[in-house]
Amino acid sequence: MAATRIIFRVRDYDLAATLNSGQVFRWRQNENSWTGVVGKHFARLTQTDGGIVAETSAGIDDLNWLRELLQTRTDLDAVLKTFPDDEPMRIAVTSCHGLRLLRQDPWECLASFILSSTKQIVQIRQIISLLCERFGERLAPQPPIFNELFYSFPTPQRIAACTEAELRACKMGFRAPSLLATAREITEGRFNLERIRHLPHAGARAELIKLRGVGGKIADCVLLFAYGFDSAFPVDVWIERALQQLYFPRRRASEQRLRRFAATHFGPHAGYAQQYLFHYMRTKLK
């Protein structure tokens, strides 16, 4: 099988920052290229002056899955203009110029963030890699340019058929019962992932929080990274630090105060602004 090669003509797109900013956990860097799996397709992405070169197992006429993931048609300038015109936001945007939000498969995104609880990014990647190797589908045949094995993310049905012990063997610990319960809710038809995208933001968040192991932060991540609710504003320890240090440096603000501030300060694309603050805080100010 020959690989398809195409270039996405896009400017102001920092591929490395985007794929390494805690949105996704299955992309591996090799020099200036990134290799990963989307659904049952594998791809290698390379940043160039003219855009992003993609080498993939899919045909040239079937690349909507990759365009959807990368969101190359987003008008970044228009998004950035909605950000508050304050010094912390200007510094974050300048430092992380070209950072984009991806649009992921809802099930993989939900499962990944259930597994992310209290873990660092490198640990999340290890857990998900084990999960895919043991319960995902091996993708083959592969074009000669790819010299590694690829696995799809396991379906809810496959996870639902596992035992808790099998999932714990993937080093996910106390997260195993939550992942198993969620997979069974979906498999048995008690929870509809597709329905979420048709609900208003508050209703969608409330539905996700009903799932075991899903709190506000995980729900907001899924709404932002999988469903495109740009107003979703995930608050984790990095964002709490960013808000406290950059916006309330002279006094300690309560968690409730920080959340109220975030809900009103960052505009209609607050989630986009959050990602800039998160990546800036984690990589530039740590």
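Data for the structure
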{"read-out": "Estimated vicinal HN-Hα couplings, Hz - the range 224-237 in sequence order (Karplus 6.51, -1.76, 1.60; Gly, Pro = x)", "value": "6, 8, 10, 10, x, 7, 5, 7, 5, 10, x, 10, 10, 4"}
{"read-out": "The range 1-96 - Kirkwood radius from inverse mean 1/r over Cα pairs (Å)", "value": "14.7 Å"}
{"read-out": "Dipole moment magnitude, nearest 20 debye, the chain about Cα centre, only Lys, Arg, Asp, Glu C-beta charged", "value": "880 debye"}
{"read-out": "Mean-position separation - Cα centroids, the range 246-266 and the range 82-106, in angstrom", "value": "18 Å"}
{"read-out": "Average Cα contact separation per residue, the range 159-286, under 8 Å, 6 or more apart, as relative contact order %", "value": "18 percent"}
{"read-out": "The range 168-236 - percent relative contact order, Cα under 8 Å, separation 6 or more", "value": "24 percent"}
{"read-out": "Mean Cα-pair separation over length for the chain, i.e. relative contact order, pairs under 8 Å, 6 or more apart, %", "value": "20 percent"}
{"read-out": "Local electrostatic count, Phe229, Cβ distance below 12 Å [Lys/Arg +1, Asp/Glu -1]", "value": "+1"}
{"read-out": "Pairs from Lys40/Lys171; Lys40/Lys284; Lys210/Lys284; Lys81/Lys210 whose Cα-Cα separation, in the structure shown, is over 32 Å", "value": "Lys40/Lys284; Lys210/Lys284; Lys81/Lys210"}
{"read-out": "Amide hydrogen neighbours beyond the local backbone of Gly51, cut-off 5 Å, H modeled", "value": "Val10"}
{"read-out": "Charge context of Ala270, other residues only, Cβ under 12 angstrom, K/R +1, D/E -1", "value": "-1"}
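Bear in mind these aren't lab numbers, they're just calculated from the coordinates by the rules spelled out. Being a predicted model, the structure only gives us computed values, none of them experimental. Note: ideal-geometry Cβ built from the backbone for every residue, glycine included; neighbour counts use all protein chains shown.
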